[in-house]
Amino acid sequence: MNTVILVLGASGQIGTELTQKLRLLYGNNNVIASDIREGNTELMSSGSFEIIDATDKATILKIIQKYKVTQVYLLAAMLSATAEKMPQKAWNLNMNSLLAVLDLAKDKHIEKVYWPSSIAVFGPTTPKENTPQKTVMEPSTVYGISKVSGEFWCNYYYEKFGVDVRSLRYPGVISWKIKPGGGTTDYAVDIFFKALEDKKYECFISENTHLPMMYMEDALNATIQLMQADSKDVKIRNGYNLAAMSFTPKEMASEIKKHIPDFEITYKPDFRQEIADSWPNSIDDSQARKDWNWQHKFDLKAMTEDILKSLKKR
Ligand code: NAD
């Protein structure tokens with residue numbers, strides 16, 4: 001059967017680029033973008049777009065039937081920093097959207113579901129270095145609680161109802177096309193814009209805080225690779241650990257300085273520091289590498305070069 005994809009939350013940081021990549025792969029007419037707000041011009045002009053509230057199961061079903069959708073990528077969510085300010089709203093969005101989509105898959109309206117989890121499933125009691133696939137998951141943020149619960153639901157729907165749901169625990173995803181949507185790792189995007197505009201940046205995370213990160217291109221490739229993997233190779237149905245690099249704001253600043261020597265960074269940690277402190281320093285993603293041959297391409301050096309080159313061109 002023809003693959004037709006509906007992306008929920010397509011106007012966001014990951015959704016915008018993932019939708020474009022899926023359109024290249026499956027054809028513009030076979031990838032329907034949707035969000036509660038319109039996206040950028042490229043997203044809106046390259047294929048169909050529908051306004052959909054991802055918690056509104058009836059509307060999602062209507063659109064699935066309208067376009068004969070076979071797969072849903074659910075990217076709508078409230079991210080870590082914003083969720084701490086609106087816990088109830090974050091929980092409702094993050095949980096109700098997932099349960100709506102899983103139910104639609106259980107009732108055979110769609111064949112496959114993608115739903116991203118996050119390193120936020122881990123908490124202060126998790127081993128910090130090379131955090132294993134299976135370990136303590138006691139998150140201290142609302143966002144993390146919603147992600148860990150979501151993972152359990154995904155696994156439950158797979159085990160009980162045979163729903164083909166797949167998930168990745170993204171680290172901080174770094175990109176330059178679309179500004180990020182209220183996460184704790186957003187500094188690693190902001191820093192590039194400020195470095196080019198003002199040659200200085202005040203960082204809201206302290207200088208020696210290690211966090212796992214990934215360049216957008218790697219995150220998109222991992223997502224598509226996982227979704228295209230043979231079902232029998234997808235052995236983890238809650239969420240795969242996924243890694244590429246891990247660095248501190250200080251290390252990132254010194255990499256940027258190689259290209260912009262007079263760039264200055266200062267540090268003024270805010271409430272996001274506590275969230276960052278509760279997350280792992282680095283992630284062991286050997287299971288993803290073994291099960292479906294995951295390989296990252298970008299390290300800090302290659303990513304910094306690519307972003308600065310792309311932003312200067314723009
Ligand atoms: P984002 O905030 O940039 O985008 C989320 C999109 O969801 C926005 O366009 C927003 O308008 C939309 N949205 C909000 N409420 C909605 C609703 N009720 N119905 C439909 N759409 C709604 O987030 P992102 O960075 O693109 O993240 C996408 C997914 O990846 C999320 O599940 C997030 O938790 C996960 N993730 C992201 C990162 C990261 O670094 N960006 C890291 C780990 C996990």
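Each residue of the stretch 191-198 is assigned a 3J(HN,Hα), and the resulting list reads 4, 5, 5, 5, 4, 7, 6, 10 Hz, derived from the Karplus form 6.51 cos²θ - 1.76 cosθ + 1.60 (θ = phi - 60°), x at Gly and Pro. Largest GNM mean-square fluctuation among 19, 184, 82, using the chain with Cα springs under 10 Å: 82.
Indicate the gyration tensor shape class of the stretch 269-311 (rounded, prolate or oblate), computed on the Cα atoms with a ≥ b ≥ c the square roots of the eigenvalues: a/c under 1.5 is rounded; otherwise a/b larger than b/c is prolate and the rest oblate. Verdict is oblate for the stretch 269-311. A simple charge model with +1 on the Cβ of Lys and Arg, -1 on the Cβ of Asp and Glu and nothing else charged puts the dipole of the stretch 69-223 at about 200 debye relative to its Cα centre.
Other residues whose C-beta falls under 14 angstrom from the C-beta of residue 295 contribute a net charge of -2, scoring Lys and Arg +1 and Asp and Glu -1. Considering the chain as a Gaussian network with a 10 Å cut-off on Cα pairs, which listed residue, 180, 280, 269, attains the greatest mean-square fluctuation? Sorting by GNM fluctuation, first place goes to 269. Of the trypsin sites (Lys or Arg not before Pro) found in the stretch 80-158, the ones in coil according to DSSP and having at most 12 other Cβ atoms within 10 Å of their Cβ are 108, 134. Set against the 2.2 N^0.38 Å expectation for a compact globular protein, the stretch 112-181 has a Cα radius of gyration ratio of 1.22. Average 1/r across all pairs of distinct alpha carbons in the chain, invert it, and you get the Kirkwood radius: 19.7 Å.
By the helix-only formula, in which each DSSP H run with n ≥ 4 contributes -39500 (n - 2.57) and the sum is divided by residues, the chain has a 222 nm mean residue ellipticity of -13500 deg cm²/dmol. Per the Kirkwood formula applied to alpha carbons, the stretch 163-226 shows a radius of gyration over Rh ratio, Rg over Rh, of 1.05. Tell me, rounded to the nearest percent, the portion of alpha carbon pairs in the stretch 77-207 spaced more than 25 Å apart. Tail of P(r) above 25 Å: 36 percent of Cα pairs. Using the Karplus relation 6.51 cos²θ - 1.76 cosθ + 1.60 with θ = phi - 60°, the per-residue 3J(HN,Hα) values for the stretch 100-114 come to 4, 5, 4, 5, 5, 6, 4, 7, 6, 6, 9, 9, 8, 10, 10 Hz, with x marking Gly and Pro. Once you've got the GNM for the chain with C-alpha springs shorter than 10 Å, pick whichever of 194, 258, 160 has the biggest mean-square fluctuation. Result: 160 has the largest fluctuation of those listed. Charged neighbours of residue 130, selected by a Cβ distance under 12 Å, balance to -2 (K, R count +1; D, E count -1). Taking a ≥ b ≥ c as the square roots of the eigenvalues of the alpha-carbon gyration tensor, the stretch 79-140 is classed oblate because a/c is 1.5 or more while a/b is no larger than b/c.
The residue among 60, 137, 11 whose Cα reaches farthest toward the positive pole of the charge dipole of the chain, with charges on the beta-carbon of Lys, Arg, Asp and Glu, is 60. The dipole here belongs to the stretch 21-61: it is taken about the Cα centre, uses +1 on the Cβ of Lys and Arg and -1 on the Cβ of Asp and Glu, and is about 180 debye. Note on residue 107 and residue 159: with the Förster distance fixed at 25 Å, the Cβ-Cβ geometry gives a FRET efficiency of about 0.90. Evaluate the Debye formula for the stretch 1-139 with equal point scatterers sitting on the alpha carbons, no solvent, and hand back log10 of I(q)/I(0) at q = 0.09, 0.19, 0.20 Å⁻¹, in q order, two decimals. Taking Cα atoms of the stretch 1-139 as identical point scatterers yields -0.30, -1.08, -1.15. If you plug the beta carbon distance of residue 134 and residue 262 into 1/(1 + (r/R0)^6) with R0 = 51 Å, you get a FRET efficiency near 0.65. How high is the FRET efficiency between residue 277 and residue 228 when r is their beta carbon distance and R₀ equals 30 Å, given to the nearest 0.05? It comes out at approximately 0.25.
The ellipsoid equivalent to the alpha-carbon distribution of the stretch 240-314 has semi-axes of 26, 20, 9 angstrom, derived from the gyration tensor eigenvalues as √(5λ) and listed largest first. Note on residue 299 and residue 92: the extension gain reaches 71.0 nm, defined as 0.36 nm multiplied by sequence separation minus the Cα-Cα distance. Remark: the residue 28-residue 198 segment gains 57.4 nm on full extension, using 0.36 nm per residue and subtracting the alpha carbon distance.
Each residue of the stretch 156-170 was assigned a 3J(HN,Hα) from its phi angle through the Karplus curve 6.51 cos²θ - 1.76 cosθ + 1.60 (θ = phi - 60°); the sequence is 4, 5, 5, 5, 7, 10, x, 5, 7, 10, 10, 8, 10, 8, 4 Hz, with glycine and proline shown as x.
Any read-out appearing in this document is the output of simple, stated calculations on the displayed coordinates, not a laboratory observation. Please read all numbers here as calculations on a predicted model, not as lab measurements. Ideal geometry is used to build each Cβ from the backbone, glycine not excepted, and the neighbour counts take in all protein chains shown.
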